[in-house]
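Everything below concerns the one structure shown next.
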Amino acid sequence: MKVIVDRDKCVSLGICEGLAPNHFVLNDDGELELDENTPIGSADLEAVRSAVSGCPVRALTLEE
């Protein structure tokens, strides 16, 4: 399972970072960075799903 970011849609609001900070981070330039090396575990799955569904510009997709 992984998160896909549509960089053309992402406007770096940081909602995803607030909902799932273990997997989403806005860097110093305000760009979204994903921790693609850390698998989404069962403990974080609900937070990641909330972040994906909470993106107001629909820039995030969860690939299962």
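I'm trying to understand the selection: among the residues of the stretch 20-35, which are closer than 16 Å to residue 2 by Cα and aliphatic (A, V, I, L, M)?
Going residue by residue through the stretch 20-35, those that are closer than 16 Å to residue 2 by Cα are 20-25, 32-35.
Within the stretch 20-35, 20, 25, 32, 34 qualify.
Out of the residues in the stretch 36-64 that are among the hydroxyl-bearing types (Ser, Thr, Tyr) and without any contact (Cβ under 8 Å) to a residue 12 or more places away in the chain, which is farthest from residue 4 (Cα to Cα)? Among those that are among the hydroxyl-bearing types (Ser, Thr, Tyr) and without any contact (Cβ under 8 Å) to a residue 12 or more places away in the chain, it is 42. Checking each residue in the stretch 15-35 for being surrounded by 14 or more Cβ atoms within 10 Å (Cβ to Cβ), free of Cβ contacts under 8 Å to residues at least 40 places away in the same chain and touching a strand residue (DSSP E or B) at 6+ places or on another chain (Cβ under 7 Å) picks out 17, 23, 24, 25, 26, 32, 34.
Confirm whether residue 11 is surrounded by fewer than 17 Cβ atoms within 10 Å (Cβ to Cβ), of a type in the set (A, V, I, L, M, F, W, C) and assigned to a loop (DSSP other than H, G, I, E, B). Outline the logic, then answer.
Values: surrounded by fewer than 17 Cβ atoms within 10 Å (Cβ to Cβ): yes; of a type in the set (A, V, I, L, M, F, W, C): yes; assigned to a loop (DSSP other than H, G, I, E, B): yes.
For residue 11, the condition - surrounded by fewer than 17 Cβ atoms within 10 Å (Cβ to Cβ), of a type in the set (A, V, I, L, M, F, W, C) and assigned to a loop (DSSP other than H, G, I, E, B) - is met.
Checking 56, 39 one by one, the residue that is exposed (fewer than 13 other Cβ atoms within 10 Å of the Cβ), in contact with a helix residue (DSSP H, G or I) (Cβ under 8 Å, 6 or more places away or on another chain) and not in a helix (DSSP H, G or I) is 56 and no other.
Laboratory data are not the source of any read-out in this text; all were calculated from the coordinates shown. Bear in mind the structure is a predicted one, so any value in this text is a computation, not a measurement. In this analysis, Cβ positions are derived from the backbone assuming ideal geometry, glycine residues included, and neighbour counts consider all displayed protein chains.
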